[in-house]
Amino acid sequence: EDAERVELGDATLMPGLMDMHVHLTSDATKHGYKRLSVSLPRAAITGVKHAEDTLMAGFTTVRNVGAPGFADVALRDAINAGDVPGPRMFVAGPSLGVTGGHCDSNLLPYEYEQYSEGVADGPWEVRKAVRRNIKYGATVIKFCATGGVLSKGTKVGAQQYTLEEMKALVAEAHLRGLTVATHAHGTSGIKDAIRAGVDSVEHVSLLDDEAITLALENGTYFSMDIFVTEYILGEGEKAGILEESLNKERMVGKRQRENFEKAVKAGVKMVFGSDAGVYPHGDNGKQFARMVKFGMTPIQAIQAATIHPATLLKQQDTLGSLSEGKYADMVAVPGNPLEDMQKMEDIRFVMKDGQIVKTLAM
Ligand code: ARG
């Protein structure tokens with residue numbers, strides 16, 4: 001009754017947006033060796049700013065898929081306690097991966113003994129790593145099935161975890177009631193991850209027809225970050241991205257966009273995942289126009305950021321649409337985004353859980 005009245009005028013009201021692939025504690029201006037100078041506490045504080053930037057861009061829920069030192073857990077807890085503004089966060093803690101893989105840290109030579117906290121090899125080690133992440137607050141599990149673009153010395157197309165390891169990891173996470181997100185660019189890694197039962201595959205750059213069939217059979221979601229290539233190739237060098245990574249991106253970005261279109265046409269379940277943190281937080285919405293350019297209808301793109309992520313996270317009873325009994329998470333843009341997807345970059349109104357956190361003239 002006492003709710004503030006907001007004049008929406010000629011605006012479109014939508015459910016709060018959901019981004020299934022962010023790294024709130026990562027700074028897009030610091031990549032490669034520059035990132036080594038960022039301490040864990042500094043990254044956590046940066047995360048506070050990024051959380052607010054993300055919320056103001058209309059993303060009322062995010063899945064944070066990898067953060068050193070459980071800084072994402074701390075950020076989530078601070079947001080939930082009302083200490084700082086930010087989106088609802090589903091958090092992975094440190095991403096799991098093989099020794100020397102994409103989710104390890106490979107920048108320094110042997111004598112520095114540098115490795116990431118998520119390194120785990122073999123079925124029982126990965127099960128233990130899942131248990132450890134849950135113990136310290138993770139609500140989703142993220143692992144790296146293949147090499148990547150931004151990691152030093154990894155082959156983007158090469159599989160890293162074996163099917164045996166992935167099956168153990170997924171079984172352990174599901175046993176405990178958590179969903180699993182998998183970084184996978186390479187074809188065999190994508191397919192083994194789906195065979196192992198992961199809930200979503202991230203990037204999915206080098207998919208083939210069999211990967212699409214497997215995803216359809218298993219109900220696996222694809223989260224394809226098709227905007228970030230523009231930032232990596234445009235601003236990446238300045239931000240410290242290594243030349244070898246720029247070269248990998250030149251190959252992967254284009255293939256990923258073509259394959260996005262294929263997956264959409266085939267009817268694979270798609271969720272919005274941006275990899276913000278690689279590019280600036282708050283620019284998440286720039287991906288909508290690309291999703292339409294590369295094969296989605298406007299309403300499919302919006303559903304990829306609303307009802308589909310809610311279902312992926314098994315939160316469809318509380319999130320993802322404007323209906324009775326769900327959290328009052330909503331956003332508004334001027335005009336009609338179904339006619340011009342770039343409107344999704346112009347969020348003027350944000351409500352999270354019934355609280356207005358942003359309201360600008362329409
Ligand atoms: N974090 C990802 C990686 O390093 C970024 C890939 C971005 N490129 C792309 N075309 N989606 O592999």
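The values are calculated or read from the model by the stated rules, or taken from the named source; none is laboratory data. Please read all numbers here as calculations on a predicted model, not as lab measurements. Here the Cβ positions follow ideal geometry from the backbone for every residue, glycine too, while neighbour counts run over all protein chains shown.
General observations
- The single condition among (1) without any contact (Cβ under 8 Å) to a residue 60 or more places away in the chain; (2) buried (at least 19 other Cβ atoms within 10 Å of the Cβ); (3) assigned to a loop (DSSP other than H, G, I, E, B) that PHE260 does not meet is (3).
- With respect to the conditions (1) closer than 25 Å to LYS248 by Cβ; (2) among the hydroxyl-bearing types (Ser, Thr, Tyr); (3) out of contact with any Pro (no Cβ under 9 Å at 6 or more places or on another chain), THR139 falls short on a single one, namely (1).
- Unmet criterion (only one of (1) at pLDDT 95 or above; (2) touching a Lys or Arg at 6+ places or on another chain (Cβ under 7 Å); (3) farther than 26 Å from ASP27 by Cβ) for LEU360: (1)
- Output for segment 239-255, where each listed residue is touching a helix residue (DSSP H, G or I) at 6+ places or on another chain (Cβ under 7 Å) and near the ligand (Cβ under 9 Å from one of its atoms): GLU249, GLY253
- If you check THR29, THR25 for being in contact with a helix residue (DSSP H, G or I) (Cβ under 8 Å, 6 or more places away or on another chain), crowded, with 24+ Cβ neighbours inside 10 Å and assigned to a loop (DSSP other than H, G, I, E, B), only one passes: THR25.
- When the test is whether a residue is touching a Lys or Arg at 6+ places or on another chain (Cβ under 7 Å), at pLDDT 95 or above and among the hydroxyl-bearing types (Ser, Thr, Tyr), TYR221 passes it.
- Strands (runs of 3 or more DSSP E) fully within segment 43-152 counting 3 or more residues that are within 16 Å of the ligand (Cβ to nearest atom) and either crowded, with 24+ Cβ neighbours inside 10 Å or touching a residue at least 12 places away in the same chain (Cβ under 8 Å) (or both): 59-64, 140-144
- Failed item in (1) away from the ligand (no atom under 15 Å from the Cβ); (2) closer than 17 Å to CYS144 by Cβ; (3) crowded, with 24+ Cβ neighbours inside 10 Å, with ALA181 passing the rest: (1)
- Qualifying residue in segment 224-238 (condition: farther than 14 Å from ASP283 by Cβ, more than 9 Å from the ligand (Cβ to nearest atom) and not in a helix (DSSP H, G or I)): no
- Selection within segment 274-305 - under 12 Å from the mean Cα position of the chain (by Cα) and at positive phi: ASP275, GLY277
- Some residue of segment 299-315 being among the basic types (Lys, Arg), modelled with pLDDT of 95 or more, within 16 Å of the ligand (Cβ to nearest atom) and surrounded by fewer than 20 Cβ atoms within 10 Å (Cβ to Cβ): no
Rundown of residues vs (1) buried (at least 22 other Cβ atoms within 10 Å of the Cβ); (2) at negative phi; (3) within 12 Å of the ligand (Cβ to nearest atom); (4) charged (D, E, K, R), yes/no style:
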{"site": "LEU163", "(1), (2), (3), (4)": "no, yes, no, no"}
{"site": "LYS167", "(1), (2), (3), (4)": "no, yes, no, yes"}
{"site": "HIS174", "(1), (2), (3), (4)": "no, yes, no, no"}
{"site": "GLY177", "(1), (2), (3), (4)": "no, no, no, no"}
{"site": "ILE194", "(1), (2), (3), (4)": "yes, yes, no, no"}
{"site": "VAL201", "(1), (2), (3), (4)": "yes, yes, no, no"}
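- Residue selected from segment 271-290 under the condition closer than 19 Å to ALA215 by Cα and within 14 Å of the ligand (Cβ to nearest atom), by the criterion surrounded by the fewest Cβ atoms within 10 Å (Cβ to Cβ): PHE272
- Taken over segment 203-219, the criterion of being more than 16 Å from the ligand (Cβ to nearest atom) and surrounded by fewer than 24 Cβ atoms within 10 Å (Cβ to Cβ) is satisfied by ASP208, ASP209, GLU210, ILE212, THR213, LEU214, LEU216, GLU217, ASN218, GLY219.
- Every residue from segment 230-242 that is of a type outside the set (A, V, I, L, M) and surrounded by fewer than 23 Cβ atoms within 10 Å (Cβ to Cβ): GLU230, TYR231, GLY234, GLU235, GLU237, LYS238, GLY240
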